[in-house]
Amino acid sequence: MLELKNLTFEVPLSEGSSEKKRIIDDLSLTIPSDRFTVITGPNGGGKSTLAKLIMGVEQPTAGRILFEGEDITDLGITERARRGIGYGFQQPARFKGMKVKKLLDIAAGKKLPMLSCNEYLAKVGLCSASYLTREVDKNLSGGEVKRIEIATILARDPQLAIYDEPEAGIDLWSFDRLTETFRSIHEARDGRSIVIISHQERIIQLADEIVVLRDGRVVETGAPDDIMPKLGFVSKGIPGCQLTEPTELHLTEIPTTC
Ligand SMILES: Nc1ncnc2c1ncn2[C@@H]1O[C@H](COP(=O)(O)OP(=O)(O)OP(=O)(O)O)[C@@H](O)[C@H]1O
């Protein structure tokens, strides 16, 4: 379980200024284990900043972060990763000289058999044969690096996985594959927690709980059925087609000659 208690994060309003801009504003939130949470909300609402605070990339100005009952506020990224928190950046880093296979091995903490590598890459819509020996450098496209990073989180299999806009820069076909991957993780319900920051309806609707962040505050939480209409998502039926109870079909009414 992850508990955020009165988290605040402020930065100087401008360089050298003593005035502060509050990006996360006294935010409290509990994310239970075994839960698929989607954080959404308008651009600049503080979603990525919140993810960075949870991972330890940024330190809060005030407030505490508890993970599985332990106060991790003062721990660095590596310590938090050791405790089971994994984070996929909105814009992942590249590692010149590092091959995809090696990166997956490091993430998993062991030398992975080829079959597992194939599986992790297939889950993000990448063909192992084309990518395993490639370097994670500038020659990979943004969408490829993004998907490789997601594959490393799948390989690490952390207790709490945080994905920051996994859909960003990913083509429609790969996005389909990725959505299926998240759907199957959700269905597996093996005690792990997933937090996805997303603006995508198909990801948002997978959530057990949607958290809407605006101006650094939680403005709504709830199940997709409650929250999605408030976000402007409407159920997609056939226009003008009202669903009715199916009429009973009597076998005797089916013509016997045709
Ligand atoms: N270190 C920083 N210094 C100054 N401003 C910052 C800093 N980090 C974040 N911000 C600002 O805080 C606000 C929240 O940023 P954040 O990236 O968390 O938003 P977001 O909800 O993830 O947005 P998006 O949906 O566009 O990804 C933005 O206005 C951003 O410019």
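Here are some notes:
- Peptide ranges 217-228, 117-128 listed from the most packed, as the mean C-beta count within 10 angstrom indicates: 117-128, 217-228
- Thr221 paired with Glu15, simple spin-label distance in nm, labels 7 Å along Cα-to-beta-carbon: 3.9 nm
- Probe 1.4 Å, accessible area per residue of the range 2-233, Å²: 48 Å²
- Only protein atoms count toward the accessible area here, which uses a 1.4 Å probe; on the chain, the carbon and sulfur part of that area reaches 51 percent.
- Using the empirical formula 2.2 N^0.38 Å as the baseline, the Cα radius of gyration of the range 2-233 reaches a ratio of 1.02.
- In nm, spacing of pseudo-spin labels at Ser116 and Gln159 (7 Å Cα→C-beta vector): 2.0 nm
- Within straight-line cross-link reach of Lys21, lysines at Cα separation under 23 Å, skipping those fewer than 8 residues along the same chain: Lys5, Lys47, Lys52
- GluC sites (Glu not before Pro) within the range 1-97, DSSP loop, no more than 15 other Cβ atoms inside 10 Å: Glu15, Glu19, Glu68
- Phi angles of the range 210-225 translate, via the Karplus equation with coefficients 6.51, -1.76, 1.60 and θ = phi - 60°, into HN-Hα couplings of 9, 10, 9, 10, 9, 6, x, 10, 7, 9, 8, 9, x, 6, x, 4 Hz per residue; Gly and Pro are given as x.
The values are calculated or read from the model by the stated rules, or taken from the named source; none is laboratory data. Nothing here was measured: the structure is a model prediction, and the numbers come from that model. When we count neighbours, we look across all protein chains shown, and the Cβ atoms used for this are built from the backbone with ideal geometry, even at glycine. Accessible surface is based on the protein model in full, side chains and every heavy atom, while ligands, DNA and RNA are left aside. Shrake-Rupley method; radii C 1.70, N 1.55, O 1.52, S 1.80 Å.
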